[in-house]
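Step one of this worksheet: look at the structure below.
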Amino acid sequence: MLIRPFQEADLPALRRMNTAAVPAVNDLTEDALHQLIRQSLACPVAIAQDRPVGFLLCLAEGLAYDSRNYRHLGQMRARFAYTDRICVDDSMRNQKVGEKLYQAVFQTVDPTGRSLVCEVNTRPPNPGSLRFHKRLGFTEIGEADHGDKAVVYLERPAVLGEAQA
């Protein structure tokens with residue numbers, strides 16, 4: 001499996017994976033997904049058998065992004081990198097695709113000193129995602145009940161090497 005940055009030709013496959021992941025992520029048109037990717041801090045894509053099989057979309061602070069969770073985290077942290085979504089093709093589940101995507105994001109984000117933040121649904125529940133994020137070093141920093149959904153907010157502090165510390 002190869003992890004590389006997003007390429008324009010990936011967009012239709014990423015949109016299909018995103019749609020398949022609803023309600024864990026919100027549905028987006030191909031154009032809306034492309035707009036987010038263009039604004040992203042990082043968007044690594046997992047490639048297997050010459051096709052995209054997963055992606056992670058990470059946004060920096062300060063964007064005019066209409067997401068209540070992004071805005072809420074912006075009130076909690078002045079500087080951050082936000083995991084907007086991570087999607088993996090069903091055929092690649094339990095192949096550590098998500099972990100490899102996060103490793104690529106850690107390499108991009110950690111040198112900036114930003115902590116990596118995200119939310120996981122607690123209504124509807126997503127216990128697999130919560131276990132996954134905790135295994136990668138994320139800890140709970142808050143929660144919110146939006147009526148239609150409830151979430152827990154998670155954070156993984158930047159891990160700075162000797163040269164950056």
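The values are calculated or read from the model by the stated rules, or taken from the named source; none is laboratory data. Since this is a predicted model, take the numbers as computed values, not measurements. Glycine also receives a Cβ, built like all others from the backbone with ideal geometry; neighbour counts cover every protein chain displayed. Heavy atoms of the whole protein, side chains included, go into the accessibility calculation; ligands, DNA and RNA do not. Shrake-Rupley method; radii C 1.70, N 1.55, O 1.52, S 1.80 Å.
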- Message: Please go through region 87-99 and give me each residue that is without any contact (Cβ under 8 Å) to a residue 40 or more places away in the chain and closer than 15 Å to S129 by Cα, ordered by number.
- Response: R93, N94, K96, E99
- Task: State yes or no: is A158 at pLDDT below 95, in a loop (DSSP other than H, G, I, E, B), under 23 Å from P5 (Cβ atoms) and not β-branched (V, I, T)?
- Result: yes
- Note on the structure: Those residues of region 1-21 which are exposed (fewer than 14 other Cβ atoms within 10 Å of the Cβ) and without any contact (Cβ under 8 Å) to a residue 12 or more places away in the chain amount to E8, A9
- Among the residues of region 35-55, how many are in a helix (DSSP H, G or I) and touching a residue at least 60 places away in the same chain (Cβ under 8 Å)? 0
- Please state which of the following conditions P124 fails to meet, knowing it meets all the rest: (1) open to solvent by less than 40 Å² (accessible area, probe 1.4 Å); (2) within 25 Å of A144 (Cβ to Cβ). (1)
- Just one of G54, G62 is within 23 Å of L33 (Cα to Cα) and either of a type in the set (D, E, K, R) or crowded, with 17+ Cβ neighbours inside 10 Å (or both); which is it? G54
- Does G137 count as free of Cβ contacts under 8 Å to residues at least 60 places away in the same chain, over 13 Å from F80 (Cβ atoms) and exposed (fewer than 11 other Cβ atoms within 10 Å of the Cβ)? no
- Task: Mind telling me which of the residues A158, A144 ends up being touching an Asp or Glu at 6+ places or on another chain (Cβ under 9 Å), surrounded by fewer than 17 Cβ atoms within 10 Å (Cβ to Cβ), of a type outside the set (D, E) and farther than 26 Å from L11 by Cβ?
- Result: A144
- Message: Here is a list: A32, A104. Which entry is out of contact with any Gly (no Cβ under 8 Å at 6 or more places or on another chain), part of a helix (DSSP H, G or I), hydrophobic (A, V, I, L, M, F, W, C) and exposed (fewer than 15 other Cβ atoms within 10 Å of the Cβ)?
- Response: A32
- Selection from region 73-86 of residues that are surrounded by fewer than 16 Cβ atoms within 10 Å (Cβ to Cβ) and either in contact (Cβ under 8 Å) with a residue 60 or more places away in the chain or part of a helix (DSSP H, G or I) (or both): Q75, M76
- Message: Any residue that is crowded, with 16+ Cβ neighbours inside 10 Å and over 18 Å from A81 (Cβ atoms) - is there at least one of those in region 36-44?
- Response: no
- Message: So if I check each of G98, G142, G137, which one is modelled with pLDDT of 95 or more, of a type outside the set (D, E) and under 24 Å from H34 (Cβ atoms)?
- Response: G98
